[in-house]
Amino acid sequence: MTGPLTIDVDIQAGGWRDAPDAIDEVARRAVRAAWRDAGSGAREAEVSIVLGDDALVRRLNAAYRGHDKATNVLSFPAGGETGPDIAPRLLGDIVLAYETVAREAREQGKSVPDHAAHLCVHGLLHLLGHDHQGDADAVAMEALETAILAELGIADPFLDISPGVEQGA
């Protein structure tokens with residue numbers, strides 16, 4: 001059984017407040033589902049979700065990844081051992097960029113809440129040690145994301161991704 005997960009959501013960008021659903025609850029629900037499915041056996045943990053804007057994510061992406069551009073989601077592990085069966089008390093931070101998420105959702109014909117939920121799942125999987133650098137890892141991570149989102153009633157996000165749309169890390 002997975003231990004309890006504490007989720008702190010910080011809405012920093014105004015666009016998120018205008019989303020049609022209570023975006024903080026969308027984010028919590030997505031992260032809880034990912035934790036339940038991928039954090040199996042892990043002890044109690046905490047995660048922070050920051051719902052920011054492109055400017056914030058661009059600064060973080062430049063400072064920590066050397067990419068001077070906004071991206072949809074960034075994950076910052078807190079450090080220590082990670083993996084599906086081991087989680088540090090503080091897993092880390094997931095940061096989403098409103099303008100990029102909204103643009104991608106529009107381009108992909110998805111709702112902003114559904115796309116944000118997918119990116120929250122994606123971010124938590126990174127915090128748990130999952131990656132998509134190699135082909136086999138990408139296939140496995142996408143399958144896990146798809147299964148988690150299906151439990152939430154969200155369609156397979158990989159069926160309609162336009163070429164060139166890239167998930168953050």
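The values are calculated or read from the model by the stated rules, or taken from the named source; none is laboratory data. Small disclaimer: the values here were computed from a predicted structure and weren't measured. Virtual Cβ from ideal backbone geometry, glycine too; neighbours counted across all protein chains shown. To get the accessible areas, we keep the full protein, side chains included, count just its heavy atoms, and leave off ligands, DNA and RNA. Shrake-Rupley method; radii C 1.70, N 1.55, O 1.52, S 1.80 Å.
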Out of residues 5 or more away from Leu90 or on other chains, whose amide H comes under 5 Å of its own, with H placed 1.01 Å from N in the peptide plane? Glu46
Total charge dipole magnitude, the range 1-75, about the Cα centre, Cβ charges on Lys, Arg, Asp, Glu only, Debye to nearest 20: 260 debye
Assuming 0.36 nm per residue, please report the length gained on full extension of the stretch Ala62 to Ala155 beyond their Cα-Cα distance. 30.3 nm
With x for Gly and Pro, the residue-by-residue ³J(HN,Hα) of the range 8-14, computed from phi through the Karplus equation 6.51 cos²θ - 1.76 cosθ + 1.60 at θ = phi - 60° and given in whole Hz, is 9, 10, 10, 8, 9, 10, x
Size of charge dipole - the chain - debye, nearest 20, with Cβ of Lys, Arg +1 and Asp, Glu -1, no other charges: 300 debye
Based on C-alpha coordinates, I'd like the Rg and Dmax of the range 1-79, in Å. 14.2, 41
Among Gln108, Gln12, Gln133, determine the one that fluctuates most according to a GNM of the chain built with springs between C-alpha atoms less than 10 Å apart. Gln133
Highest-MSF residue in the chain out of Leu127, Leu74, Leu60 [GNM, Cα springs under 10 Å]: Leu60
Which one, Asp93, Asp156, Asp68, has the greatest fluctuation when you compute a Gaussian network model over the chain with C-alpha springs under 10 angstrom? Asp68
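Calculate how many DSSP beta bridges within the chain are antiparallel, expressed in % of all such bridges and rounded to the nearest 5. Don't skip to the end; give the middle numbers.
Values: 6 of 20 bridges.
Approximately 30 percent, going by the DSSP bridge assignments.
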Amide H neighbours of Ile49 at under 5 Å, excluding residues fewer than 5 places away on the same chain, with H built from the backbone geometry, are Asp8, Val9, Asp10, Ile94
Pulled fully out, how much extra length does the chain show between Ala22 and Leu90, if you take 0.36 nm times their separation in residues and subtract their Cα-Cα distance? 22.0 nm
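Show that you can apply the helix-only estimate: for the chain, add -39,500 (n - 2.57) for every DSSP H stretch of four or more residues, divide by all residues, and state [θ] at 222 nm to the nearest 500.
Working: 6 runs with 76 residues, N = 169.
Calculated from helices alone, the mean residue ellipticity at 222 nm is -14000 deg cm²/dmol.
Roughly to the nearest percent, how much of the accessible area of the chain is carbon and sulfur, given a 1.4 Å probe? Show your work: numbers first, answer last.
Working: 3900 of 7940 Å².
So the carbon and sulfur contribution to the accessible surface is 49 percent.
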Please say if the chain is rounded, prolate or oblate, where rounded means a/c under 1.5 for a ≥ b ≥ c the square roots of the C-alpha gyration tensor eigenvalues, and otherwise the choice is prolate for a/b larger than b/c and oblate otherwise? rounded
